[in-house]
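The values are calculated or read from the model by the stated rules, or taken from the named source; none is laboratory data. Note that the coordinates shown come from a computational prediction; the quantities given were computed from them, not determined experimentally. Here the Cβ positions follow ideal geometry from the backbone for every residue, glycine too, while neighbour counts run over all protein chains shown.
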Amino acid sequence: MKTLYPFFKWANNTWLGQSISDSIWLFPAIEGVHIVALALLLGAILVLNLRLMGVLMRDRSLPQLSRELETWTLSSLIVILATGAMLFASEAVKVFYSSPFRIKMVFLLAAIVFHYTISRRLMRKEESELSPILSKVAGSTSIVLWMGVGFAGRAIGFF
């Protein structure tokens, strides 16, 4: 982990990182956008996975709902990653020592990989083609991963 410290220090000292750190309003404004995008993403993810699990919107086709929410999930994710990179740059040295930050990054990577592999494959199938147990396990796993991102992110400010 020590080998990453020079990168964190460099990110902290970039023009972007210093500008955000030195501003009274930039960090909270960027964080506000970050949180709104996270809320949109979590909302879309929750609806998709509850539908996958057969709990919500049973009258809607899973592939159709997935296509309708795909733009929201991808757009929100892009905004989250962009604003997250800005927030990271503004306090990179601080988060280098933060366990919640590391946990958030693990959850984020796992959630993105899970969403764009397993979840996506399942969401494109009709309900009759899906195993009810697999659907419930996959939906629950996805929800836990994305909630882990949110909770660990929130914990960064406290530890």
Just wondering, is there one or more residues in the stretch 108-116 that are closer than 21 Å to Met57 by Cα and surrounded by 15 or more Cβ atoms within 10 Å (Cβ to Cβ)? yes
Right, Ile45: of a type in the set (A, V, I, L, M, F, W, C), modelled with pLDDT of 95 or more and crowded, with 16+ Cβ neighbours inside 10 Å or not? yes
Of the criteria (1) free of Cβ contacts under 8 Å to residues at least 40 places away in the same chain; (2) closer than 16 Å to Tyr116 by Cα, which one Pro63 fails: (1)
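One line per residue, one yes/no per condition, for (1) of a type in the set (Val, Ile, Thr); (2) crowded, with 20+ Cβ neighbours inside 10 Å; (3) in a helix (DSSP H, G or I):
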{"site": "Ala89", "(1), (2), (3)": "no, yes, yes"}
{"site": "Arg120", "(1), (2), (3)": "no, no, yes"}
{"site": "Val149", "(1), (2), (3)": "yes, yes, yes"}
{"site": "Ala152", "(1), (2), (3)": "no, yes, yes"}
Filter the stretch 100-118 down to the residues that are in contact with a Phe, Trp or Tyr (Cβ under 7 Å, 6 or more places away or on another chain) and more than 21 Å from Phe27 (Cα to Cα) and list them by number. Ala111
Among Leu50, Leu16, which is touching a residue at least 60 places away in the same chain (Cβ under 8 Å), more than 30 Å from Ile118 (Cβ to Cβ) and either surrounded by fewer than 17 Cβ atoms within 10 Å (Cβ to Cβ) or among the hydroxyl-bearing types (Ser, Thr, Tyr) (or both)? Leu16
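Give the residue that is nearest to Leu74 (Cα to Cα), with candidates limited to residues of the stretch 122-131 that are surrounded by fewer than 14 Cβ atoms within 10 Å (Cβ to Cβ) and charged (D, E, K, R).
Going through the stretch 122-131, the residues surrounded by fewer than 14 Cβ atoms within 10 Å (Cβ to Cβ) turn out to be 124, 126, 128-129, 131.
Imposing the further condition that a residue be charged (D, E, K, R) reduces the set to 124, 126, 129.
Numbers: Arg124: 16, Glu126: 22, Glu129: 25 Å.
Restricting to residues being surrounded by fewer than 14 Cβ atoms within 10 Å (Cβ to Cβ) and charged (D, E, K, R), the top hit is Arg124.
Please find, within the stretch 25-42, the residue that is nearest to Thr73 (Cα to Cα) out of those that are among the β-branched types (Val, Ile, Thr) and at pLDDT 95 or above.
Looking only at the stretch 25-42, we keep the residues that are among the β-branched types (Val, Ile, Thr), and these are 30, 33, 35-36.
Filter once more, keeping what is at pLDDT 95 or above: 30, 33, 36.
Values: Ile30: 19, Val33: 15, Val36: 13 Å.
By that ranking, first place goes to Val36.
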Restricted to the stretch 94-107, and to residues that are touching a residue at least 60 places away in the same chain (Cβ under 8 Å) and surrounded by 15 or more Cβ atoms within 10 Å (Cβ to Cβ), which residue is farthest from Gly157 (Cα to Cα)? Phe96
Pick from Leu134, Leu145: which is in contact (Cβ under 8 Å) with a residue 12 or more places away in the chain, assigned to a helix (DSSP H, G or I), surrounded by fewer than 15 Cβ atoms within 10 Å (Cβ to Cβ) and not β-branched (Val, Ile, Thr)? Leu134
